[in-house]
1. For the range 84-139, name all the residues that are under 30 Å from Ser67 (Cβ atoms) and of a type in the set (A, V, I, L, M).
2. Taking the condition of being part of a helix (DSSP H, G or I), open to solvent by 60 Å² or more (accessible area, probe 1.4 Å) and either of a type outside the set (A, V, I, L, M) or modelled with pLDDT under 85 (or both), how many residues in the range 118-131 meet it?
3. Count, please, the residues in the range 132-163 that happen to be surrounded by 12 or more Cβ atoms within 10 Å (Cβ to Cβ) and charged (D, E, K, R).
4. Filter the range 164-174 for residues that are in a loop (DSSP other than H, G, I, E, B) and surrounded by 14 or more Cβ atoms within 10 Å (Cβ to Cβ) and give the result.
5. Within the set of pairs 6+ apart or on separate chains, which have a first residue in the range 140-152 that is farther than 23 Å from Val186 by Cα and free of Cβ contacts under 8 Å to residues at least 60 places away in the same chain, a second that is open to solvent by less than 100 Å² (accessible area, probe 1.4 Å) and part of a helix (DSSP H, G or I), and C-beta atoms under 7 Å apart?
6. Could you please let me know if Trp179 is under 27 Å from Pro29 (Cβ atoms), part of a loop (DSSP other than H, G, I, E, B) and among the hydrophobic types (A, V, I, L, M, F, W, C)?
7. Could you tell me whether Ala229 is exposed (fewer than 12 other Cβ atoms within 10 Å of the Cβ) and without any contact (Cβ under 8 Å) to a residue 12 or more places away in the chain?
8. Hey, among Ser234, Ser191, which residue is of a type outside the set (Lys, Arg), open to solvent by 70 Å² or more (accessible area, probe 1.4 Å) and at pLDDT below 85?
Amino acid sequence: QMGNSNCRQRGILIVADQLVVNPREALMPYLVNGLQMSDQTGTRPHRLAHWMMLMVVVGGIVAVVVSVTMQYEHGVEHRHPNHTLTWPSAAFTEGSRAASELSASGKLAESVAMNDWQRLGAIQPQPEAVVWMGIGLAAILVLGAARLRLSWWPLNPVVFLVWGNWATAQLSVSFFLGWAIKAAVVGCAGSRGYRAALPLMVGAIAGDLTGGLFWMIVAAIYHLRTGLAPLKYSILP
């Protein structure tokens with residue numbers, strides 16, 4: 001019974017790990033972004049549901065097959081330990097830590113005997129965590145109200161979702177430059193100038209992506225001709 005409980009808890013942690021561990025690469029932000037795009041174009045979400053399900057199933061199958069094949073044929077590269085060590089083992093590490101704490105306090109047997117709903121009722125959150133969660137909730141509510149009520153208010157509460165993110169630290173200068181360019185264009189040329197500048201900015205994004213694609217093609221040709229691994233070219237931070 002204890003083994004089944006640990007497997008279930010670790011399974012939940014693994015699912016959460018895949019959905020929210022890294023907003024840049026996890027599945028859930030992409031799905032939410034797709035739903036937002038459908039809302040902007042007036043497309044009903046249920047019309048996208050089948051295509052999203054197909055995307056998830058096909059993408060999952062392809063990802064598993066490619067990952068397993070590459071790992072068995074070339075081994076696991078630990079250049080990025082977060083991807084190969086820290087995140088994959090997080091569910092098992094946290095499950096083992098929780099089991100050890102319960103065992104040390106003499107509550108492990110009691111926890112194993114509970115069902116999932118009973119465990120929810122027996123939760124004892126850490127006071128420090130509750131305080132910080134309360135501060136975060138209050139800040140989001142205040143910023144959200146200001147965003148809705150004050151036209152000049154510049155901060156969006158979504159900033160708290162990525163406040164301490166590593167990718168945000170890498171891209172913060174780019175975000176600032178994008179905001180500064182937009183503010184300058186709107187301030188000098190108004191909404192008409194903003195719409196006129198949109199193709200230029202979209203072209204800059206497309207050019208950046210095309211540059212990355214070019215070096216991918218170069219790397220593939222180099223590998224086919226020499227059989228050697230090409231030099232690393234980092235596209236994302």
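The values are calculated or read from the model by the stated rules, or taken from the named source; none is laboratory data. Keep in mind that what you see is a predicted model, and the values were worked out from it rather than measured. For neighbour counting, all protein chains shown are included, and Cβ atoms are generated from backbone atoms with ideal geometry for every residue, glycine included. Just the protein is used for accessible areas: all its heavy atoms, side chains included, with ligands, DNA and RNA removed. Shrake-Rupley method; radii C 1.70, N 1.55, O 1.52, S 1.80 Å.
1. Answer for the range 84-139, where residues must be under 30 Å from Ser67 (Cβ atoms) and of a type in the set (A, V, I, L, M): Leu85, Ala90, Ala91, Ala98, Ala99.
2. 5
3. 1
4. Correct list: Asn165 only.
5. Qualifying pairs under 7 Å: Ile140/Pro157; Ile140/Phe160; Leu143/Pro157; Gly144/Pro157.
6. The answer is no for Trp179.
7. Judged against the criteria, Ala229 is a match.
8. Selected residue: Ser234, the only one of Ser234, Ser191 that is of a type outside the set (Lys, Arg), open to solvent by 70 Å² or more (accessible area, probe 1.4 Å) and at pLDDT below 85.
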